[in-house]
Structure formats: C-alpha cells, structure tokens
Amino acid sequence: MQHRGHPAPEVVTMAARTRQDWQRWARKGTTAQRGYGYTHQSERERRLQQYRPGDPCAHCHQAMTYWPLSVARRYLDLPHTADRSGYLPGMAHRACNRRDGQRMTTAILHAKRGTVAKAWQRARQW
C-alpha cells in the first residue's frame, strides 16, 4: 500500500495476549545481565542431573516429587542466596523460588518509597 507516492512503512504490531507476554516484555536486560547466564544454566543442569524425587525444597523444605526429568525441568529452579552472590544447596519449587524473589523485591521497593507494608486485616471487623 502506498501513501503519497511512497511505500507505507511496515509496522509489525503484536498485542500481548496473556499476562505472561506482558511480563516477558517488561523484563530488563538479557538473561546474563539478570544473573541467569551460562554459569547459572550449567549449574542448574548439573543439579538437575543429581536431583532425585523426594529431595527437599531449598525454601519450604517440602519434598519435591517431580519426575521424569523432563517434567522436573519445568517445575524446579536453582535458588540464589539472599544477596545473589551464590546458590542455596539443592533445588527449589519454582513457585517457592519466585515467591521468595517477589518478597525481596517488594521489601526493596517499600524501603525506597519509605512506605511500610500494611499488616493483613480481616475482611470484617466483628
């Protein structure tokens, strides 16, 4: 299609269809810049090879029962220490690991803003 004698610029637009799409596009930096480069990936793969069903989660200490290994890869993460200078021993449930990261991010944001997280309240005051 032409516009005033010039070819129209091709614009490729793709709307984010899911929340996961939005989250993927919102991430800052490459995997290596975010601390998940070659060394992290190779360490995760090494620990996955050592993993056996029933091993405890590094965060919640519950048994991890994912098997075969192709399934375990989707549900287990390699957990960082709190200061991200190394790794906790073993593997962690993906949900536990992401929950811990979100808890730390929320605490950092509250500290930067000078706000205090509200204590949970009951829905109704009886």
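What follows draws every value from the coordinates through simple rules; no lab data is involved. Quantities reported herein were computed from a predicted structural model and do not represent experimental measurements. Here Cβ is always computed from backbone atoms with ideal geometry, including for glycine, and neighbour counts include all displayed protein chains.
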message: Neighbour counts of other C-beta atoms within 10 Å: give me ASP55, ASP77 arranged from fewest to most.
response: ASP55, ASP77
- prompt: If Lys and Arg each add +1 and Asp and Glu each add -1, what is the summed charge of the other residues whose beta carbon sits under 11 Å from the beta carbon of THR65?
  reply: 0
- request: Quick one: compute the contact order of the range 57-113, relative version, from alpha carbon pairs under 8 angstrom and 6+ residues apart, as a percent.
  value: 33 percent
field: Whole-number D in µm² s⁻¹ for the range 57-113, Kirkwood Cα-pair radius fed into Stokes-Einstein, 37 °C, 0.692 mPa s
entry: 269 µm²/s
message: With 10 angstrom as the radius, rank HIS61, HIS110 by how many other C-beta atoms surround their C-beta, starting from the fewest.
response: HIS61, HIS110
